[in-house]
1. Of the conditions (1) within 14 Å of chain A (Cβ to nearest Cβ); (2) farther than 30 Å from B:L335 by Cα, B:A186 satisfies every one except a single condition; which number is it?
2. I need the full set of residues from the range B:141-155 which are over 13 Å from B:L216 (Cα atoms) and more than 9 Å from chain A (Cβ to nearest Cβ), in order please.
3. Does A:V257 satisfy the criteria of being surrounded by fewer than 18 Cβ atoms within 10 Å (Cβ to Cβ), among the β-branched types (V, I, T) and closer than 18 Å to A:V143 by Cα?
4. Looking at B:L171, B:L127, B:L152, B:L122, can you tell me which residue is crowded, with 24+ Cβ neighbours inside 10 Å, farther than 30 Å from B:M54 by Cα and hydrophobic (A, V, I, L, M, F, W, C)?
5. Among the numbered conditions (1) buried (at least 23 other Cβ atoms within 10 Å of the Cβ); (2) of a type in the set (F, W, Y); (3) not in a loop (DSSP other than H, G, I, E, B), tell me where A:F328 comes up short.
6. Test A:V86 against the criterion of being assigned to a helix (DSSP H, G or I), more than 18 Å from the chain's Cα centre (by Cα) and either closer than 20 Å to B:F126 by Cα or at the interface with another protein chain (Cβ under 9 Å from one of its Cβ atoms) (or both), and give yes or no.
7. Anything in the range B:35-83 that is in contact with a helix residue (DSSP H, G or I) (Cβ under 6 Å, 6 or more places away or on another chain) and more than 14 Å from chain A (Cβ to nearest Cβ)? List them, or say none.
8. Name the residues in the range B:100-127 that are β-branched (V, I, T), out of contact with any Ser or Thr (no Cβ under 6 Å at 6 or more places or on another chain) and at the interface with chain A (Cβ under 7 Å from one of its Cβ atoms), would you?
Protein chains: 2
Amino acid sequence: MRPLLLVVFTISILSLTPIPFLPPPTTSLIYNIFILYISPTLAYLIATLGIDGMREKLVGRGLYGMDIGKRGTEREKVKVPEALGVVTGISHVVVLSLTTYLCRTSTPPTLPILLSSLTSILFMLFLGFTDDVLEWGWTAKLVLPTVSSIPLVAVYDGSTSIVAPRFLHPLFWSSPNQVLTPLSEALSSLGMTVYPGSRIGLIDVGWVYGVYMSLLSIFTSNCINIYAGINGLEVGQSVVISCCILLHNAHEIAAGVESAAQHWFSAMVLLPFLTSSLALLKRNWYPAECFVGDTYCYSAGVVFAVVGIHGHFSKTLLLFFIPQIMNFLLSLPQLLKVVPCPRHRLPRYNKDTGKMEPSMYSLPNGGGGINLTLINVWLKLWGPRKEERLTLELLALQVAMSAVGMCIRYKGLGRGLIFEDEEL
Amino acid sequence: MRPLLLVVFTISILSLTPIPFLPPPTTSLIYNIFILYISPTLAYLIATLGIDGMREKLVGRGLYGMDIGKRGTEREKVKVPEALGVVTGISHVVVLSLTTYLCRTSTPPTLPILLSSLTSILFMLFLGFTDDVLEWGWTAKLVLPTVSSIPLVAVYDGSTSIVAPRFLHPLFWSSPNQVLTPLSEALSSLGMTVYPGSRIGLIDVGWVYGVYMSLLSIFTSNCINIYAGINGLEVGQSVVISCCILLHNAHEIAAGVESAAQHWFSAMVLLPFLTSSLALLKRNWYPAECFVGDTYCYSAGVVFAVVGIHGHFSKTLLLFFIPQIMNFLLSLPQLLKVVPCPRHRLPRYNKDTGKMEPSMYSLPNGGGGINLTLINVWLKLWGPRKEERLTLELLALQVAMSAVGMCIRYKGLGRGLIFEDEEL
């Protein structure tokens, strides 16, 4: 059923279609042509050639794995090359490096922003690949992404104000004149500013916003890595998220928002990422001819953090991560070791039925339960199914949840609660 | 004779001593304290802890080598962890990432320059580590460093003019009135500017300067990698070069040159690099308890290219690379396969004498000769010697050649030939 992959491809290409019809980001023709056409094409070509060229080399150097989801079939013993994310990563950073040269005279200046993005992406690529080879401990997995987000925070030039949710307003402003409360006075001594008389509930959180950006970057890097384990899911979800962000960018640019330049920046970083991911998806789709590795998961996560932060739409970004957030919350008891956490939590292949079933953890007293991941819960809810169908259903869930996210963003469902204005 | 290592340490520390007495780079006290004291200390501590923590992990993951220079001794079978440059690299980029945050408001703005440097260093670290694991071909080793230098070129804000050597002046200016020659007219159609009437011989080479910077970056990355193979030489030469550059920076800042800010930038990048290298040298000194890997050689090379380019002293930089240039020129026949090139060219250990001897290549007709490296030529010239003594002598050569380089730079030996003014 490999042709089903065409569905994913078609949706991706459709998400790109509005972009060429939008007002161009600058007056330089070569710059626009590069961003819209050359850079995505180049990234796709480098990734395609690189993946085919590197597969044997990776196996030869011991970077391979057996597909646990194929146990009991004749594919069980096939050495599947691992960490192919290194190739898509290289194709992405090579194209972005070329972009820096074109950006050096752009107005408004995007060069520092692009350089800080490249720094963070390269840092996470390096971290991801060393993790694939050396297997870092949890400390390194939390500390290094934090450090890698510092350059992003250092060049962040957007607002550091947030809109407090309505039900929290009484904490900061005493009605009826929106006078500051003692709590607000206390906050100001910590470097934050609660604006007196603000009707929408504006608070400049200052350095706390930097902490938030770091946390966002840690979250997006790790949440893709733990929502994984079946063929095509890691890349598939990244492709869906990229398409949603690109559609959001296209919508905002077409609507002529003030922050159009930031949305163009997001498209500039995402387009080559999307096309190189598509090249990887072709080989990672069921039955996988290669694995993507932590290299891909980490670098994909940080790409989303980068565009969310520098595109000034980090809250909207999280609306496209609903399944990842659900999976993270579900996983918390196992991540925090409240419930035993086996090394692998991916579903179990039943060779008699040819279908995937939820995998279990066992307690010392003989009890146990299903491993707490969205994949296992999905299998528990709807019954065992074949691996390819499972991937497709989870990607459909990703699309459906992103649609819900878009409704929250555009149809005013979140207005007054989270968003007054995305800029704030 | 490990105490001899103290010599190298002492010289390194001495090279740092003038720096704290120089005029501070900006008015922010915390920034100065961070650059001069905290950042080098932090890099040293992270590297020291990291090296000891990672050694077993690297061996466990198959990243180790046997020391070819110990064949026939009881050390022959010891698994020496490889690619420890990954640890010094991480300590360096972590410290530089922290520095980006302090630089975000500095005057003049150093943030874009620092970010482009971080990008290049990370790119080469990633390339180096993937090379240690995957062993790239020659194409990748030339193309990827070129790409990694693009961000450096993109933010380069210095002059792109060079001073033509005196004996070439008649090619560009016809005497006696320094009128442009037809060649100069032709160059201007290629985007270069030969200044009419220029007495010192000024030519603005424009984009060609970008090509030069890329080539410099490729050269420095690879030349350390091919001047290697005996315990402590890769890190030792990098430590000596760093010390020479720091002394040059200190001299220029103390002399109050216009480009003092650029020299401060160079010190900011080099200080943590030097201290993390010293931490590595302790373990890599004879008998080596770890190898540094291509990761270290590439990242050290690009660090020097970065400070040379952004410090605006790229020609002076090359004066500290005389042994590397000699080794490169010597190696050319073998690199270009005019003469057969075996996989390893490092000298051979003679277990009877306990000394190193030149290694040989063999021709199909039974002939042969010594492998064309500076190390082998040194052994041929002065006879076999113990590995530790060999390293110390080659490092002494590095110091002596750098002293010659400094004379060329400061005592006017190169004036009129290469330098009129370092800025040009």
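The values are calculated or read from the model by the stated rules, or taken from the named source; none is laboratory data. Please read these numbers as outputs of a predicted model, since none were measured by experiment. Ideal geometry is used to build each Cβ from the backbone, glycine not excepted, and the neighbour counts take in all protein chains shown.
1. It fails just one condition, (1).
2. B:K141
3. no
4. Details: B:L171 fails: crowded, with 24+ Cβ neighbours inside 10 Å; B:L127 fails: farther than 30 Å from B:M54 by Cα; B:L122 fails: farther than 30 Å from B:M54 by Cα.
Checking each option against the conditions leaves just B:L152.
5. Result: A:F328 passes all but (1).
6. No, not satisfied.
7. Passing the criteria: B:I35, B:L36, B:P40, B:Y44, B:A47, B:T48, B:G69, B:E76, B:K79.
8. Of everything in the range B:100-127, just one residue is β-branched (V, I, T), out of contact with any Ser or Thr (no Cβ under 6 Å at 6 or more places or on another chain) and at the interface with chain A (Cβ under 7 Å from one of its Cβ atoms), namely B:T100.
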